[in-house]
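Notes follow the structure.
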Amino acid sequence: MNNIHSVLDVLQLPSPIQKVDFSEWIPYGVEIFFKRDDLIHPMISGNKWRKSYGHLLRFSQGNYSGILTFGGAYSNHLLAVAAIIKEMQIPAIGIVRGEIDIHNPAIQFSQNCGMHLIPLDRKNYKNKDISSLKQIYSNIDFLNYYVIPEGGGGKEGMIGCKSIIDEIPFEFDFIVSACGTGTTLAGLVNELPDRVHSLGISVLKGEDTLISYIQSLTSKKNFRVIQGFHFGGYARFTSELIMFAKQFMSETNIPLDYVYTAKMTFAFDQLLKQNYFPKGSKVVLLHTGGLFNAAIR
Ligand SMILES: *Cc1c(COP(=O)(O)O)cnc(C)c1O
């Protein structure tokens, strides 16, 4: 019971780091690496492992019946937590936004892991108000579950991000990550020495709370959030993005997902071509995963 080691046993850690030679990037004289957190586990992908870790520590220190968390039907977080609780053999409740479509492979996978999925209408979901569920599911003692917030955020979510940096065996000048809530970026910024710049590529349209959220998690200042690479909004994409990801994949063998990592890599490509990165600098791009739900093939 409550054994984090049973999860660690199935993960590839440290995740690999590789130098990327994409032909279009060569003229800029920048050394570019991909930190392959997508290879940690097919379902517990990328930053969802890093963000779950601190929560799992808290869970195992307490006396909880299980884990309760939230997600949309295609949430990488829900998927990761489902795979985690299967390895730990602990009960879990997944509160799903809107309806539950049993034909959705992510939903099927989570249920097969033993996660108890409960739909919550969008209005109550927005406020994470599960009080309406307490009457319907009176057999469940919701209060006794350890709650991981949507996406695995918060201070606990930052704890595991430290290992991303510890695992990189050389010094570098920039780290780039896709940003949803910004928890991962905050975790990186918080651990990095001040001379390293952290760049977050927002995948959301007009998300002006992102920076203040990151500032609420860390007092460090050496980060920047880049907007304008959302391609229409969360989980939206254009043929330009897909073509870019396919060309990138064909040259580098690194698959990208259209919700996060393709947008991050595309934004990096544009910044590089605008000479954002000084010649001779070293840049680490963080592959945060997401391939089960949204791989571009
Ligand atoms: C959840 C997720 C992110 C966003 O992480 P935040 O910590 O919320 O910013 C980025 N990439 C992938 C693949 C994700 O699943």
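Nothing in this text is a laboratory measurement; each read-out follows from the coordinates by a stated rule. The structure presented is a predicted model; accordingly, all values stated were derived computationally and were not measured. Neighbour counts are summed over all protein chains in view; Cβ atoms, including those assigned to glycine, are modelled from backbone coordinates with ideal geometry.
The table for this structure:
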{"item": "Mean separation of Cα contacts under 8 Å, 6 or more apart, over the residue count of the stretch 48-152: relative contact order %", "result": "36 percent"}
{"item": "The stretch 67-79 - phi-based ³J(HN,Hα) in whole Hz, Karplus 6.51/-1.76/1.60, Gly and Pro as x", "result": "10, 10, 8, 10, x, x, 4, 10, 6, 5, 5, 4, 4"}
{"item": "Derived scalar couplings ³J(HN,Hα) [the stretch 37-54; Karplus, 6.51 cos²θ - 1.76 cosθ + 1.60; whole Hz; x for Gly, Pro]", "result": "5, 5, 8, 4, 6, x, 10, 8, 8, x, 6, 6, 5, 4, 7, 6, 3, x"}
{"item": "Fully extended contour minus Cα-Cα distance, from Arg122 to Leu11, at 0.36 nm per residue", "result": "36.6 nm"}
{"item": "Residue-wise HN-Hα coupling along the stretch 231-245, computed from phi with Karplus coefficients 6.51, -1.76, 1.60 (Hz; x: Gly, Pro)", "result": "6, x, x, 4, 6, 8, 7, 10, 5, 4, 5, 5, 5, 4, 5"}
{"item": "Leu68 long-range amide H proximity, modeled H, under 5 Å", "result": "Ile93, Tyr146, Val147, Ile148"}
{"item": "Long-range HN-HN contacts of Val203 with modeled amide H, under 5 Å", "result": "Cys179"}
{"item": "For q = 0.17, 0.26 Å⁻¹, Debye-computed log10 I/I(0) when each Cα of the stretch 92-163 counts as one equal scatterer", "result": "-0.76, -1.30"}
{"item": "Relative contact order (%) - criterion: Cα under 8 Å, at least six apart; region: the chain", "result": "23 percent"}
{"item": "Cα centroid separation - the stretch 220-251 against the stretch 48-91, whole Å", "result": "28 Å"}
{"item": "Shape call, the chain: gyration tensor on alpha carbons, a/c limit 1.5", "result": "prolate"}
{"item": "Highest average packing first - 167-177, 35-45, 100-110, Cβ atoms within 10 Å", "result": "35-45, 167-177, 100-110"}
